[in-house]
Amino acid sequence: MRIITELYDKKLICPVCENEYTSKKVKSSKLRVEKRDTDLMTYYKGENPLLYSVVVCNKCGFSYLDAEYKGIKKESKKVILEKITSRLSNKNYMDTRTLEEGEETYKLALYCAELIDSKKIYLASLALRLGWIYRLKGDYENEYRFLKNALKLFIYSYEKENLSESYFDKKTVEYLIGELYNKTNDKENAIKWYNIVVSNNPGANMRVENLAREQWQLIKNSTK
Ligand SMILES: [Zn+2]
């Protein structure tokens, strides 16, 4: 087992079975950002918190993004116990994680989220992050597949869900839709969405508005 001093054990109580367990997280004081990709994926000098965002209960198997968690219905708990717990392997994800193990935790979290009919914005967040894990692995085909998947989910969510309680603000969702179109080679729709970012409610999130302007310019320059 690798000992990594940037990590600590976060104590958690499983919302499904009330089991107390721990999951590794990167200490926020140790986070050193190296660079960011245009779809907001962040690289760090040490351990990447992306690998530890999903927590997996070692007793019932319920897997979720604890930072984006919004509660679970009673009926959903039953579904998890029936469908996940009965199929549980002996593996636990409480220790340090390899990229492969990180990938597994996202797949588990996606499976749980689909089973209990979670909001599409939450599924989009999982799919996007799983795409990033594949980027770190150099698996372009799966990265593309999950970015496409995230794009569809973000669009659905933007059109049909209330984003006010979501982890992503509306402007960030607009920008991500544009950028995911861009990354999946649909420049026309990318430009359309960058325009939405800068013209709808300007000033709401200057960081992504500036990013949208830069990306718009890059596409314009490359098609001259
Ligand atoms: Zn549990």
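Just the number please: accessible area per residue for segment 7-153, 1.4 Å probe, all protein chains included, in Å².
About 51 Å² of surface per residue is accessible.
Leaving out ligands, DNA and RNA, what percent of the accessible area of segment 159-224 is carbon and sulfur, probe 1.4 Å?
C and S atoms contribute 47 percent here.
Please label the shape of the chain as rounded, prolate or oblate, based on the square roots a ≥ b ≥ c of the eigenvalues of the alpha-carbon gyration tensor (a/c under 1.5 means rounded; beyond that, a/b larger than b/c means prolate, else oblate).
prolate
Assuming 0.36 nm per residue, please report the length gained on full extension of the stretch Met206 to Lys73 beyond their Cα-Cα distance.
Contour length minus Cα-Cα distance gives 44.3 nm.
Which are the unpartnered cysteines of the chain, meaning those with no other cysteine Cβ under 4.7 Å from their Cβ?
Cys112
Enter the Cα centre distance for the pair segment 163-194 and segment 59-77, rounded to the nearest angstrom.
27
If the only charges are +1 at each Lys and Arg Cβ and -1 at each Asp and Glu Cβ, what is the size of the charge dipole of the chain around the Cα centre, to the nearest 20 debye?
Rounded to the nearest 20 debye, it is 180 debye.
Compare the peptides 83-96, 162-175 by average per-residue count of other Cβ atoms within 10 angstrom and give them in order, highest first.
So the peptides 83-96, 162-175, ranked by packing, come out 162-175, 83-96.
Averaging sequence separations of C-alpha pairs under 8 Å and six or more residues apart, then dividing by the length of the chain, give the relative contact order as a whole percent.
Once divided by the residue count of the chain, the mean separation gives 13 percent.
Each label point is 7 Å from the Cα along the Cα-to-Cβ direction; what then is the distance between the points at Tyr144 and Lys91, in nm?
Taking the simple label geometry, Tyr144 and Lys91 are separated by 2.6 nm.
Using packing as a proxy for protection, rank 140-150, 50-60 so that the peptide with the highest average count of other Cβ atoms within 10 Å comes first.
50-60, 140-150
Using Cα-Cα distances under 8 Å and only pairs 6 or more residues apart, what relative contact order does segment 116-193 have, in percent?
Relative contact order for segment 116-193 comes out at 27 percent.
Please list the non-local residues whose amide H lies under 5 Å from the amide H of Lys24, H modeled 1.01 Å from N, same-chain partners needing a gap of 5 or more.
Lys10
The values are calculated or read from the model by the stated rules, or taken from the named source; none is laboratory data. Worth saying up front: this structure is predicted, and the values here are computed from it rather than measured. Cβ atoms come from the backbone with ideal geometry, glycine included; neighbour counts cover every protein chain shown. Remember, those area values only see protein heavy atoms, side chains included, never the ligands or the DNA or RNA. Shrake-Rupley method; radii C 1.70, N 1.55, O 1.52, S 1.80 Å.
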